[in-house]
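Some notes on the structure that comes next.
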Amino acid sequence: MKINWSVRLKNKTFWLTAIPALLLLGSQILTLFGITWDYTPIAQQLSGIVGTVFGLLALVGVVND
């Protein structure tokens, strides 16, 4: 079974799953070396941005559920 990397790298779903997985891997590697990174403020800001975007999309009628 061969993986067609050119098609996979163009896929949005691949990037939506790969980026958080890479960030989690980086966090685990930093923890392994004793470096702690508090990403709570960034996570709260991103959560607020995503909530606002979904709110606007629901208002326009793009998101129904």
Accessible area per residue, Å², the chain with all protein chains present, probe 1.4 Å:
95
P(r) weight above 20 Å for the chain, C-alpha pairs, percent
56
Probe radius 1.4 Å, ligands and nucleic acids ignored: give me the carbon and sulfur share of the accessible area of the chain as a rounded percent.
69
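The values are calculated or read from the model by the stated rules, or taken from the named source; none is laboratory data. A quick note: this is a predicted structure, and the numbers were derived from the prediction, not measured. Side chains are part of the model used for accessible areas, which takes the heavy atoms of the whole protein and leaves out ligands, DNA and RNA. Shrake-Rupley method; radii C 1.70, N 1.55, O 1.52, S 1.80 Å.
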